[in-house]
Every structure is written in structure tokens, then in C-alpha cells.
Amino acid sequence: MPNINASPHVAIDLNTSVQKINQILELDHVSPEDPWILKEYLSSKLRSQGIIGYPYSKLVGDFRDYWFLDTKKIANQQLSK
């Protein structure tokens, strides 16, 4: 897997650390909601700039359709500690 480093701006916007964002990108000891929170955040940023992103291959559909996810955490962008 290529080395991916998160932007400090993303970490600040999500009230977390760059290390935590990197953990999410690497799926390293994260809650099931964390990748969805990051996906929703990034998708929102793209939409606000009028950019259509490349379709996701794994996190597809609406997070509200997955019974096992805590939708309130995702909607409130509450990343795990």
C-alpha cells in the first residue's frame, strides 16, 4: 500500500490528529464508523467545490442503510479515540 499522509486541515476540521486520520486511511484499529466519517467529510468538501469524485469501491451507498453503523456518530462526525 502506498504511503498516504493526511492533511493537517482534515485533522483540524474533524477535531483529531493527523495520526488518527492516517490510522483511518490505513484501517488500523479504527471503529467501523471512522472510514464512513472520513468519506462523508471528503465527499462534502468535493461537492462544495463543484467536483464530482471518483466512485467509492468499498464504502458504497448511504451509511444509514447499514444497520450495524452508529449513524449518529457519522452524522455528528464523532471519530473514535
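Okay, residues lined up against (1) within 21 Å of Ser7 (Cα to Cα); (2) assigned to a loop (DSSP other than H, G, I, E, B); (3) not aliphatic (A, V, I, L, M):
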{"position": "Ile37", "(1), (2), (3)": "yes, no, no"}
{"position": "Leu42", "(1), (2), (3)": "yes, no, no"}
{"position": "Tyr54", "(1), (2), (3)": "yes, yes, yes"}
{"position": "Ser57", "(1), (2), (3)": "no, yes, yes"}
{"position": "Phe68", "(1), (2), (3)": "no, yes, yes"}
{"position": "Ile74", "(1), (2), (3)": "yes, no, no"}
{"position": "Lys81", "(1), (2), (3)": "yes, yes, yes"}
Quiz item: Looking at this structure, is Thr16 without any contact (Cβ under 8 Å) to a residue 12 or more places away in the chain and surrounded by 14 or more Cβ atoms within 10 Å (Cβ to Cβ)?
Solution: no
Self-check item: Enumeration of residues in segment 24-42 that are of a type outside the set (A, V, I, L, M) and at pLDDT below 95
Solution: Glu26, Asp28, His29
Quiz item: Can Leu79 be described as touching a Lys or Arg at 6+ places or on another chain (Cβ under 8 Å) and surrounded by 15 or more Cβ atoms within 10 Å (Cβ to Cβ)?
Solution: yes
Quiz item: How do the pairs read when you match residues in segment 30-46 that are open to solvent by less than 20 Å² (accessible area, probe 1.4 Å) with residues anywhere that are part of a helix (DSSP H, G or I), using Cβ under 6 Å and keeping only pairs 6 or more apart or on different chains?
Solution: Glu33/Lys73; Glu33/Ile74; Asp34/Ile24; Trp36/Phe63; Trp36/Ile74; Ile37/Ile74; Leu38/Ile24
Practice problem: Under 8 Å between Cβ atoms, at least 6 apart or on separate chains: pull out the pairs that start in segment 67-81 with a residue that is within 13 Å of Ala11 (Cα to Cα) and touching a residue at least 12 places away in the same chain (Cβ under 8 Å) and end on any residue that is open to solvent by 70 Å² or more (accessible area, probe 1.4 Å) and not hydroxyl-bearing (Ser, Thr, Tyr). | Solution: Gln77/Asn15; Gln78/Lys72; Leu79/Asn15
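The values are calculated or read from the model by the stated rules, or taken from the named source; none is laboratory data. Please read all numbers here as calculations on a predicted model, not as lab measurements. Every residue, glycine among them, receives a Cβ derived from its backbone with ideal geometry; neighbour counts consider all protein chains shown. Protein only, heavy atoms only, side chains kept; ligands, DNA and RNA dropped before computing areas. Shrake-Rupley method; radii C 1.70, N 1.55, O 1.52, S 1.80 Å.
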